[in-house]
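Notes follow once the structure below has been shown.
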Amino acid sequence: QVRLVESGGGLVQTGDSLRLSCTASRRLFTNNGMAWFRQAPGKEREFVAGVDWSTDSRYYGDSVKGRFTISRDGAVNTVYLQMNNLKPEDTAVYYCAARRTGAVVTTAGYYFYWGQGTQVTVSS
């Protein structure tokens, strides 16, 4: 079955780091653009980072540029989000998502497959 499973969230302090993992089925992982989104209470779902299938190009939301890094490991069908220098504003539920085409876009509505989310909380 096509599934996405996130892990790695937790409670950390300002300036700490976390690495989120998103493990997908091989069929979903290959050929599709994949991304991380986050949603804080009372806010819209926000694009965090994405990786294009065809070119391996990486894209980041303005609020996380220079702090977060997205990567993928084909051996284990997993996409990672390395989050450094975390700030309270990063507190949200983080979701892994996959398109049905190879290109990354920043609009959540264009992603067909979604994981259940993992909570990241950053205290000040």
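The values are calculated or read from the model by the stated rules, or taken from the named source; none is laboratory data. Just so we're clear, the structure is a prediction, and the values are computed from it rather than from any experiment. Because the Cβ atoms are built from the backbone with ideal geometry, glycine has one as well, and the counts that use them run over all protein chains shown. These accessible areas exclude ligands, DNA and RNA; they are computed on the full protein's heavy atoms, side chains included. Shrake-Rupley method; radii C 1.70, N 1.55, O 1.52, S 1.80 Å.
Would you pick out the residues in the range 50-64 that are part of a loop (DSSP other than H, G, I, E, B) and not polar (S, T, N, Q)? Within the range 50-64, Asp52, Trp53, Asp56, Gly61, Asp62, Val64 qualify. Looking at the structure I just gave you, is Glu6 among the acidic types (Asp, Glu) and more than 15 Å from Thr91 (Cβ to Cβ)? Considered against the rule, which asks whether it is among the acidic types (Asp, Glu) and more than 15 Å from Thr91 (Cβ to Cβ), Glu6 comes out as yes. Among the residues making up the range 86-109, those that are over 15 Å from Cys22 (Cα atoms), at pLDDT 95 or above and either open to solvent by less than 20 Å² (accessible area, probe 1.4 Å) or of a type in the set (Phe, Trp, Tyr) (or both) are Leu86, Asp90, Ala92.
Against the definition (in contact (Cβ under 8 Å) with a residue 12 or more places away in the chain, touching a Cys at 6+ places or on another chain (Cβ under 9 Å), closer than 28 Å to Ser124 by Cβ and aliphatic (A, V, I, L, M)), how does Leu86 come out, yes or no? When the stated conditions are applied, Leu86 does not pass them. Within the range 65-85, if we keep just the residues that are out of contact with any strand residue (DSSP E or B) (no Cβ under 6 Å at 6 or more places or on another chain) and in a loop (DSSP other than H, G, I, E, B), the residue that is most open to solvent (accessible area, probe 1.4 Å) turns out to be Lys65. Entry remark, the range 1-49: residues being open to solvent by less than 40 Å² (accessible area, probe 1.4 Å) and not in a loop (DSSP other than H, G, I, E, B) number 19 in total. Does Glu89 satisfy the condition of being of a type in the set (D, E, K, R) and in a helix (DSSP H, G or I)? Against the criterion (of a type in the set (D, E, K, R) and in a helix (DSSP H, G or I)), Glu89 qualifies.
Looking across the range 63-83, the residues that are closer than 18 Å to Gly15 by Cα and without any contact (Cβ under 8 Å) to a residue 40 or more places away in the chain come down to Ser63, Val64, Lys65, Gly66, Arg67, Phe68, Thr69.
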